[in-house]
Amino acid sequence: MGNGAIRFELFGFPVSIHSSFILVIGLLGYSSARGDLAIVIAFVVAAIVAVLVHELGHAFAARSQGTEIGPMISLEGMAGLTRYRPSGPLSRGQSIFISAAGPLAGALLGVVVLAAAILGLFPDTNFAITLRNIGLFVTFGWSILNLLPVLPLDGGHILTEVMPGSRMDRQRRAAAVSIVIAVAGAILVWWWLRDLFGVAILSMLAFQNYSLLSASNRARAVAPPTTPRID
């Protein structure tokens, strides 16, 4: 443990769990648990496991395609990250495979939780029912959220790869679509749920994509003509 992070190796992948991740997840759990410390701890543990499984999905997929550096898994801030350098250029199909592997791994973990619930492995107590619901939320719920076509979520990376044009054109188009979806999502979340946290997250994603689109437009304005890449 060092620099505010827990470090270890899992299946050959270096893993770092930063205190910022535990803090943010703890605050999220606290806001939902109404101060019940046991539920907050259960939420933090479940979130760490779910995000680790998600990132392992990315890491195994990236390793299968060949990597020069990594993959390295880091849980920090509000999210998990899998960093790696591929051993060569990735095709669109390879990029989609790596992006989709994370939500798929999370959903598979959700299937395990759901199967345990169906088989009656959770005791019939309020705490056990809460644990079950937390398990389903951090697996199925977060996997679905990650597949939203909004950068930098996995769905946004998949959207980028299915867009036509050069790499820069695809990123610009995906960023534009991401802004529309994030803004619409923020409006709907506030209209139906009055969830300030959800609105804040979607607004942040919209701003990130606006910044990405602006930077991309500036780069495009000064870039010399290039020969189109054929994928």
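Structural remarks
- The number of residues in the stretch 23-32 being surrounded by 18 or more Cβ atoms within 10 Å (Cβ to Cβ) and among the small types (Gly, Ala, Ser) comes to 1.
- Of the residues Ile41, Ile6, Ile17, Ile22, the single one that is of a type outside the set (S, T, N, Q) and touching a His at 6+ places or on another chain (Cβ under 9 Å) is Ile6.
- Annotation for the stretch 102-123: at least one member residue is crowded, with 17+ Cβ neighbours inside 10 Å, of a type outside the set (Gly, Ala, Ser) and free of Cβ contacts under 8 Å to residues at least 12 places away in the same chain.
- Of the criteria (1) surrounded by 13 or more Cβ atoms within 10 Å (Cβ to Cβ); (2) free of Cβ contacts under 8 Å to residues at least 40 places away in the same chain, which one Pro89 fails: (1)
- Pairing each residue of the stretch 11-32 that is assigned by TED's automatic domain parsing to the domain that holds Glu76 and modelled with pLDDT of 95 or more with any residue that is surrounded by fewer than 17 Cβ atoms within 10 Å (Cβ to Cβ) and among the aromatic types (Phe, Trp, Tyr), provided the two are 6+ apart or on different chains, yields C-beta distances under 7 Å for Val15/Phe8.
- Residue in the stretch 10-22 that is part of a helix (DSSP H, G or I) and surrounded by fewer than 17 Cβ atoms within 10 Å (Cβ to Cβ) present: yes
- Matching residues in the stretch 101-143 - criterion: being closer than 30 Å to Leu212 by Cβ and either in the same structural domain as Ala175 (by TED's automatic domain parsing) or among the basic types (Lys, Arg) (or both): none
The values are calculated or read from the model by the stated rules, or taken from the named source; none is laboratory data. Computed from a prediction, not measured in an experiment: that's the story for all the values here. Quick reminder, even Gly has a Cβ in these numbers, built from the backbone with ideal geometry, and neighbours come from all protein chains shown.
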